[in-house]
1. Around A:Ala127, what is the net charge, scoring Lys/Arg as +1 and Asp/Glu as -1 over all other residues with Cβ under 13 Å from its Cβ?
2. Label-point separation (nm) for C:Asp311 and C:Ala330, each offset 7 Å from Cα along Cα-to-Cβ?
3. At R0 = 35 Å, how high is the FRET efficiency between B:Asp98 and B:Glu152 if r is their beta carbon distance? Nearest 0.05 is fine.
4. Rounded to whole Å, give me the distance from the Cα center of segment B:639-679 to that of segment B:205-271.
5. Using the C-alpha atoms of segment B:561-705, what convex hull volume per residue, in cubic angstrom, is computed?
6. Which cross-chain or sequence-distant (5 or more) residues have an amide H under 5 Å from the amide H of C:Val5, H modelled 1.01 Å from N in plane?
7. For segment B:67-80, take each phi angle, set θ = phi - 60°, evaluate the Karplus expression 6.51 cos²θ - 1.76 cosθ + 1.60, and give the result in whole Hz per residue in order, putting x for glycine and proline.
8. Quick check on chain B: helices-only [θ] at 222 nm, where DSSP H runs of length 4 and up contribute -39,500 (n - 2.57) each and the sum goes over total residues. Nearest 500, please.
Amino acid sequence: MPGAISPALAQAAGAAPALLDVSLRINGTEHRLSLDPRTTLLDALREHLHLTGSKKGCGLGQCGACTVLMDGMRVKACLSLAALAQGREIKTIEGLAQGDELHPLQASFIERDAFQCGYCTSGQIMAGVACISEGHAGSPQDIREWMSGNLCRCGAYDHIVAAIQDAAAVSSSTQGG
Amino acid sequence: MTAALIGKSVSRVDGRLKVTGAATYAAEFEVPNLAHAAVVRSIVANGRLASIDTAEAERAPGVIALVTHRNAPKLAYQPHKGLPDAAVGERLHVLQDDRVTHQGQPIALVVAETLEQAVYAAEVVRVTYRNEAAATDVAAVDPVLPTGKPAEWEIRRGEADSAFEQAEFRVDQTYVIPRENHNPIEMFATIASWEGDSLTLWDKTQWVHNVAEEIAAVFGIAAENVRVISPFVGGAFGSGLRCWPHVTLAALGARVDGRPVKLVLSRREMYYGVGYRPHTVQRVALGASRDGQLQAIRHEGHQETSTYEEFTEALLSATRFLHACPNVHTRHRIAPMHVHTPTYMRAPGEASGIYALESAMDELAVALSMDPVDLRLRNEPDRDEFKDLPFSSRSTKECYRAAAERFGWSQRTAEPRSMRDGRLLIGWGMASATYPMNYAPASALARLLPDGTAEVMSAASDMGPGTWTSMTQVAADTLGLPVERVKFTLGDTRLPRAPVHGGSMTMASVGSAVQAACRKAREDALARAGSNDLEEAMERLGQVIEATADVAPGDETKRFSMHAFGAVFVEVAVDPDLGETRVRRIVGAYGAGRVVNPKIARSQCIGGMIGGIGMALMEHSVVDPRNGRVTNANLAEYAVPVHADAPPVMDVIFVDEHDPHVNPLGVKGLGEIALVGVAPAIANAIFHATGKRVRELPITPDKLL
Amino acid sequence: MHPFVLERPCDLSAVLALGAQAGRNDAPVEYIAGGTDMVQLLQEHVRRPDRLVSLAGVLDDGIEIGPQGLRLGAAATMAEVAAHQGVVEQFPLISQALLNSASPQVRNQATMGGNLLQRTRCPYFRDVGYQACNKRAPGSGCAALDGENRWHAVLGTSDDCIAVHPSDLAVALVALDATVELRGTGGDRSVPLSELHRLPRDTPHLETVLEPGEVITAITVPANAAGLRSHYLKLRDRASFEFAAVSAAVAIETDGARIRQARVALGGVGTKPWRLPNVEQALADKNLEPGELRSAAALAAEGAQGRGHNDFKIELMQRAIVRAVEIAGARA
């Protein structure tokens, strides 16, 4: 039975596991990759697809810089093995703007100066987009709690909260018609 | 004519790149045929390598090269000391011998086809050590004066000892700050690529020229043959001032391998090779008369350093001029240990020293039953009593007044535990802040194009404060062009030399160079074209007009004492049963000269405040005293502030200050002073809330039970 | 990471046949579900399985509330459970504990089963630069006993291990008498959550009672735990996104200002999720009055042993119980 599951089972211990054919759907485009089973989704994006907008700040799920949307939900790409992300719809910061038109949250980040070094910014924005769509952007206090998975060492928190409030207002006014 | 741009809240010119993920940081450059490197690091603090078994690692799939001290090329390591290097001692040489002097020291380098392969192979290199006794417990090391003239480290004015003994009111306490790590969210990364004897480095650094010069010295090649590219830096806070050994390792890997090599440190490695704010122990003795006049200040402090370099920072500098006092004695010592060398971290020296001084001032105010603002106002000096020079400008009184008013300080009741919100204890505290105005030689090039646009450049850096934007503003303002018509470039050794991006000196130095180059180019173009409209002149000339400018400070430092000053007021809420402290409000007022861009200046200030909250309440690299290992070398157990720690109210005030002496732009710098004073203001507020004086940071719940 | 073969079986029986064992460092075959802890362990070289068995798509992720109580499929995510209307209304303690855990991203990824089986945050366990760790390498010693042990346990400790079980969820669940359903090659069985994790004793490398090849398939919470007044209080150095220094899960049934019965469990202080029957008995029939609560909570310290840096937890956990009961009692 197990033998039927994976041809790799017969492999001698210590030998290199075979590369896996992995198909990743990112920002609406299908990418076929041959990956080491150890490759995380984040490293697949950064090292194999040159989608370096998703940032690596720890590789351990402790900083949030790698936040992407998976099937519409925010996740930490560094904690997902790429091979296990097959079949999921992944959205990264590169897929957020519509052509030249920035997403309202991207625009409000610039307007509110919601970053300094910019390294946590992709993760903050992707988490912020989810925070708004989840309905957790109702008050500054809510935003602070629901954005706490994204560290900003430059300390732009006050401005990030303002930017999310601005973008949430835009999205609720458009929804309200 | 375009309206003045200096002083305007222009949005960041690199904002679009940053919000779309298109800004390219060191590890993100696409270099063909790239191999990946990983480092094997020591797990002992002192000793010799007894054996290194690389057999399994060499057999591991994808491994291209494995370098240890046994097969590493002998590196030149010519003398080189950059400004951020320790003045005394010799930098760490990597893979040159079997000596281990600290935990995490690089002892082997693996180069492999992929990141996963390199990291795995590094993990299966088997190393044994001949351990030697190590000094790893900072509490057990006897501090010593640093090398040099004792008079540099022990500085006296008047007779502090006898004045203290005679003073009617006295405070004499010891304050401890544990080691803290910068922890920028971007981890250090270098891509190295050789062509013959020429090397290109894409690197995370606060000073591209220093990296080029250091690596040139290490490899014994000409600095002109090393190009360093670093357009975006994902935070650094001082950790990118020096050129650390991992840059050498990346270049070495590429040398051995013959292919370009990328080396990205792991978050754990960030605790072992890129410096940290050192553990400090400070004793402050203050003596005062009944009316609050300081009679004596004795401030001694020591800090950890490595065995191979003597790192020192300006721990006690501010004590010598911040408050008026006839009798002052400071003594700075170091505790050499088997650790890697600490380095400058945001507001190095001042952040630590002023925490102790301003905590002691608060204790003195309590002893005197005097308002802490009043105590400081009573000791406001009219000149720098240490240098015996006038201040070029000093707005402390305005800062106290403006911040106190905005804060509502007059509503404070002095008695500890006298202010409450339900079961929470409310505390209001304050502290002073200062940081020196630094101005260093800098160069810039301005190039005016016939289409009426301009390219301006300098090899500066932008780790977050907004150099890209503020330099564009200065250039556009000087040229009289709109911001959109000016393109500023930085972060490349091919550009005119800039000083280190630290010490809050970038605007003073690079800004002055940009202004001078643009002024020259503009005047040249207008004169040649016989016009007084630049766009018209350029069209008429139909050619490129270039001007370079080199600026350097004159003799102002001989005539003036030049510093930014500020005041920080904080409200905390402390749960008396559970020991949890939350900062509810923070108001900072700064006299920092001209503010070029209030919007991004505010960002710097609230960022410094958040850094100060971390310092006060949670940050602590927990070093195991038994072996010098950092037990919480990650971002889960090393707590930095998160969104939920940010106070609901953060207020930044720039008091109006025109200082014609500091530098051509009249700026003093903001990045560092924004962190200074925050930790003591919080500690003082916690005392006011609880009646409990905690003299060891961070003030975690266990210390308030 | 150690090289591994990634197995992606398409049904549970195929999973079980691979014989993976959760929570043992010497097991050559290991499960991965949400991966939020496992990937950290792999990245830090703490776990080096030759074979990694993905549980994706093979375990129940349903959340059901019926006459028997609550049933959480092992693959339900922390976010799904925390936001489930029935959980929020009838078992708010569970929702609260989850919302105090990790970050929104991790809660979208991590599963119920994985949460219970996450490994300790003991820094000596997670840093392979330390050779002494009885959990990682049986018999190698415990670096935490006389080391930097501010994070460590004061309850259920042994001379071989003082590592804390880090889950918030498990603390809430153990207070509510939850049971875990297991499936192995030998069939199904149920184990009270309070018996899932072992005390470290002299075998800290054996963390659970799971047999090789066994997986958690579901967690059930009896209906009698529904509708209690409850509170999950979590104390830590920063305001969010941090493991507990001390946490208290409290659920009480009251009669006016009088406590009829109470359930109390602690996190951040025990080598496993720590239920406190002695405190519960002492709280029964007590008034919601600080002095009475305080004397009952003091029983939590029975058998507690600090190792220096973590001594404060013994006092703080008593205060946490008092506060959590007060807050629960004040709920409508």
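1. Details: positive: A:Lys55, A:Arg74, A:Lys76, A:Lys91, A:Arg144, C:Arg107; negative: A:Glu134, A:Glu145.
It works out to a net charge of +4.
2. Going by the 7 Å Cα→Cβ label model, 3.2 nm.
3. The computed FRET efficiency comes out at 0.50.
4. Going from one Cα centre to the other spans 30 Å.
5. Working: hull volume 21.3 nm³, N = 145.
Cα convex hull per residue, to the nearest whole number: 147 Å³.
6. HN-HN under 5 Å from C:Val5: C:Arg51, C:Leu52.
7. Here the 3J(HN,Hα) series is 10, 10, 5, 6, 10, 6, x, 6, 9, 5, 6, 5, x, 7 Hz.
8. Helices in chain B give a 222 nm mean residue ellipticity of -7000 deg cm²/dmol.
Any read-out appearing in this document is the output of simple, stated calculations on the displayed coordinates, not a laboratory observation. In this text the structure is predicted, and so the values were computed from the model without any measurement. Counting neighbours? That spans all protein chains shown, and the Cβs are built from the backbone with ideal geometry, glycine included.
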